[in-house]
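Q: Before I ask anything, let me first share the structure, which is written out below as C-alpha coordinates.
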Ligand SMILES: [Zn+2]
Ligand SMILES: [Zn+2]
Ligand SMILES: [Zn+2]
(Lines give C-alpha, C1' and ligand atoms only; values in the text may rest on other atoms or scores of the structure.)
(Ligands and ions follow the chains in the order given, each with its own letter.)
Protein backbone atom coordinates (compact mmCIF):
# COMPACT_ATOMS: atom_id res chain seq x y z
CA UNK A 1 0.00 0.00 0.00
CA UNK A 2 1.29 3.44 -0.84
CA UNK A 3 1.89 5.84 2.04
CA UNK A 4 0.34 8.86 0.39
CA UNK A 5 -2.69 7.21 -1.16
CA UNK A 6 -6.07 6.59 0.42
CA UNK A 7 -6.47 2.87 1.14
CA UNK A 8 -10.18 3.15 0.32
CA UNK A 9 -10.31 4.98 -2.98
CA UNK A 10 -6.69 5.41 -4.02
CA UNK A 11 -6.80 9.22 -4.15
CA UNK A 12 -4.07 11.42 -2.71
CA UNK A 13 -4.08 12.08 1.01
CA UNK A 14 -4.09 15.71 2.17
CA UNK A 15 -1.64 17.60 4.33
CA UNK A 16 -0.81 16.38 7.83
CA UNK A 17 -3.20 18.01 10.29
CA UNK A 18 -2.57 18.14 14.02
CA UNK A 19 -5.54 17.89 16.38
CA UNK A 20 -5.85 19.85 19.62
CA UNK A 21 -4.85 16.72 21.49
CA UNK A 22 -1.57 16.47 19.60
CA UNK A 23 -2.63 13.61 17.35
CA UNK A 24 -1.82 13.78 13.68
CA UNK A 25 -3.99 12.76 10.79
CA UNK A 26 -4.31 13.04 7.05
CA UNK A 27 -7.65 13.24 5.29
CA UNK A 28 -8.36 11.82 1.89
CA UNK A 29 -8.81 14.56 -0.72
CA UNK A 30 -11.62 12.57 -2.29
CA UNK A 31 -13.57 10.50 0.23
CA UNK A 32 -14.22 10.63 3.97
CA UNK A 33 -11.31 8.38 4.92
CA UNK A 34 -9.07 9.62 7.73
CA UNK A 35 -5.64 8.18 8.21
CA UNK A 36 -4.26 8.54 11.73
CA UNK A 37 -0.52 8.86 11.93
CA UNK A 38 1.44 7.18 14.69
CA UNK A 39 2.56 9.68 17.31
CA UNK A 40 6.32 9.83 17.29
CA UNK A 41 7.61 9.44 20.81
CA UNK A 42 9.42 12.51 22.11
CA UNK A 43 12.71 11.49 23.62
CA UNK A 44 13.43 12.80 27.09
CA UNK A 45 16.62 13.83 28.76
CA UNK A 46 16.32 10.94 31.19
CA UNK A 47 17.80 7.49 31.30
CA UNK A 48 15.83 4.27 31.68
CA UNK A 49 16.42 2.88 35.19
CA UNK A 50 16.24 -0.63 33.80
CA UNK A 51 18.63 -0.59 30.87
CA UNK A 52 20.16 2.90 30.74
CA UNK A 53 18.83 3.84 27.33
CA UNK A 54 16.96 7.08 26.75
CA UNK A 55 13.39 7.44 27.92
CA UNK A 56 10.68 8.71 25.60
CA UNK A 57 7.38 10.43 26.24
CA UNK A 58 4.48 8.42 24.86
CA UNK A 59 0.70 8.59 24.85
CA UNK A 60 -1.86 5.84 24.98
CA UNK A 61 -4.93 5.89 22.74
CA UNK A 62 -6.95 7.30 25.61
CA UNK A 63 -4.49 10.18 26.00
CA UNK A 64 -2.72 9.04 29.15
CA UNK A 65 0.88 10.11 29.36
CA UNK A 66 3.74 7.80 30.16
CA UNK A 67 7.47 7.63 30.04
CA UNK A 68 8.71 4.54 28.34
CA UNK A 69 12.04 3.18 27.33
CA UNK A 70 13.00 4.23 23.82
CA UNK A 71 14.12 0.69 23.05
CA UNK A 72 10.66 -0.65 23.85
CA UNK A 73 8.36 -1.43 20.97
CA UNK A 74 5.61 -3.62 19.69
CA UNK A 75 6.04 -6.31 17.08
CA UNK A 76 2.70 -6.22 15.26
CA UNK A 77 3.44 -9.44 13.37
CA UNK A 78 4.47 -11.51 16.37
CA UNK A 79 2.03 -9.64 18.65
CA UNK A 80 4.56 -9.23 21.38
CA UNK A 81 6.53 -6.49 23.05
CA UNK A 82 10.12 -5.98 21.99
CA UNK A 83 13.07 -4.36 23.69
CA UNK A 84 12.96 -2.99 27.21
CA UNK A 85 9.52 -2.96 28.85
CA UNK A 86 10.08 -0.10 31.29
CA UNK A 87 7.03 2.16 31.64
CA UNK A 88 6.35 4.98 34.07
CA UNK A 89 2.90 6.56 34.14
CA UNK A 90 2.98 10.32 34.36
CA UNK A 91 -0.51 10.96 35.68
CA UNK A 92 -0.69 11.49 39.40
CA UNK A 93 -2.65 9.13 41.59
CA UNK A 94 -5.66 9.95 43.73
CA UNK A 95 -6.59 7.96 46.82
CA UNK A 96 -9.74 8.52 48.85
CA UNK A 97 -9.35 9.64 52.45
CA UNK A 98 -11.74 9.18 55.33
CA UNK A 99 -11.53 12.83 56.37
CA UNK A 100 -13.92 15.65 55.62
CA UNK A 101 -12.87 18.88 53.96
CA UNK A 102 -12.65 21.67 56.56
CA UNK A 103 -13.97 24.11 53.99
CA UNK A 104 -16.99 22.41 52.51
CA UNK A 105 -17.47 19.11 54.38
CA UNK A 106 -17.00 16.82 51.40
CA UNK A 107 -14.49 13.96 51.49
CA UNK A 108 -10.80 14.66 51.03
CA UNK A 109 -8.48 12.81 48.69
CA UNK A 110 -4.74 12.22 48.79
CA UNK A 111 -3.18 13.28 45.54
CA UNK A 112 0.31 12.18 44.55
CA UNK A 113 1.86 14.08 41.67
CA UNK A 114 4.00 12.47 39.01
CA UNK A 115 7.18 13.51 40.79
CA UNK A 116 6.11 12.15 44.16
CA UNK A 117 4.84 15.31 45.85
CA UNK A 118 1.75 14.72 47.92
CA UNK A 119 -1.17 16.89 48.82
CA UNK A 120 -4.53 16.51 50.41
CA UNK A 121 -7.28 18.15 48.47
CA UNK A 122 -11.01 18.25 48.31
CA UNK A 123 -12.71 15.54 46.27
CA UNK A 124 -14.95 18.16 44.66
CA UNK A 125 -12.02 20.01 43.15
CA UNK A 126 -11.43 19.58 39.48
CA UNK A 127 -10.22 21.21 36.34
CA UNK A 128 -12.40 22.54 33.58
CA UNK A 129 -10.34 21.87 30.48
CA UNK A 130 -12.48 23.97 28.21
CA UNK A 131 -12.47 27.06 30.38
CA UNK A 132 -8.99 26.35 31.72
CA UNK A 133 -9.98 27.05 35.29
CA UNK A 134 -10.28 25.18 38.56
CA UNK A 135 -13.70 24.01 39.59
CA UNK A 136 -15.22 22.99 42.90
CA UNK A 137 -13.62 23.50 46.30
CA UNK A 138 -10.06 24.87 46.38
CA UNK A 139 -8.91 23.38 49.70
CA UNK A 140 -5.33 22.08 49.42
CA UNK A 141 -2.86 20.95 52.05
CA UNK A 142 0.62 20.06 50.91
CA UNK A 143 2.33 17.25 52.78
CA UNK A 144 5.94 16.88 53.70
CA UNK A 145 7.61 13.98 51.99
CA UNK A 146 7.73 11.82 55.12
CA UNK A 147 4.33 12.68 56.50
CA UNK A 148 2.11 9.67 57.09
CA UNK A 149 -1.53 9.68 56.03
CA UNK A 150 -4.21 7.14 56.78
CA UNK A 151 -5.48 6.08 53.41
CA UNK A 152 -8.88 4.46 53.29
CA UNK A 153 -8.64 1.19 51.41
ZN1 LIG B 1 -10.35 8.13 -0.19
ZN1 LIG C 1 15.02 0.42 29.20
ZN1 LIG D 1 -13.91 21.12 50.07
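The values are calculated or read from the model by the stated rules, or taken from the named source; none is laboratory data. Please read these numbers as outputs of a predicted model, since none were measured by experiment. Note: ideal-geometry Cβ built from the backbone for every residue, glycine included; neighbour counts use all protein chains shown.
Q: Could you check the stretch 14-32 and list, in sequence order, the residues that are within 8 Å of ligand 1 (Cβ to nearest atom) and assigned to a strand (DSSP E or B)? Walk me through it before giving the result.
A: Here is the first cut: in the stretch 14-32, the ones within 8 Å of ligand 1 (Cβ to nearest atom) are 28-32.
Hit for the stretch 14-32 is 28, nothing else.
Q: From 35, 50, grab the single residue that is modelled with pLDDT of 90 or more, more than 19 Å from the chain's Cα centre (by Cα) and within 16 Å of ligand 1 (Cβ to nearest atom).
A: Testing whether each residue is modelled with pLDDT of 90 or more, more than 19 Å from the chain's Cα centre (by Cα) and within 16 Å of ligand 1 (Cβ to nearest atom) leaves just 35.
Q: Go over the candidates 40, 78, 2 one by one and state the one that is at pLDDT below 85, more than 16 Å from ligand 1 (Cβ to nearest atom) and more than 30 Å from residue 144 (Cα to Cα). Steps first, answer last, please.
A: Details: 78 fails: at pLDDT below 85; 2 fails: more than 16 Å from ligand 1 (Cβ to nearest atom).
None of the others qualify; the one that does is 40.
Q: Also, I was wondering about something else. Can you report the number of residues in the stretch 17-56 which are farther than 21 Å from residue 88 by Cα and loosely packed, with under 12 Cβ neighbours inside 10 Å?
A: Residues that pass the stated criteria total 5.
Q: Among the residues of the stretch 120-140, what is the count of those that are touching a residue at least 12 places away in the same chain (Cβ under 8 Å) and exposed (fewer than 15 other Cβ atoms within 10 Å of the Cβ)?
A: Total meeting the criteria: 2.
Q: Turning to a different aspect of this structure: Sort out which residues of the stretch 66-84 are outside any strand (DSSP E or B) and surrounded by 14 or more Cβ atoms within 10 Å (Cβ to Cβ), and write them in order of number.
A: 70, 71, 72, 83, 84
Q: Take the stretch 58-72 and flag every residue that is more than 10 Å from ligand 2 (Cβ to nearest atom) and at pLDDT 85 or above.
A: If the condition is that a residue be more than 10 Å from ligand 2 (Cβ to nearest atom) and at pLDDT 85 or above, then 67 is the only one that fits.
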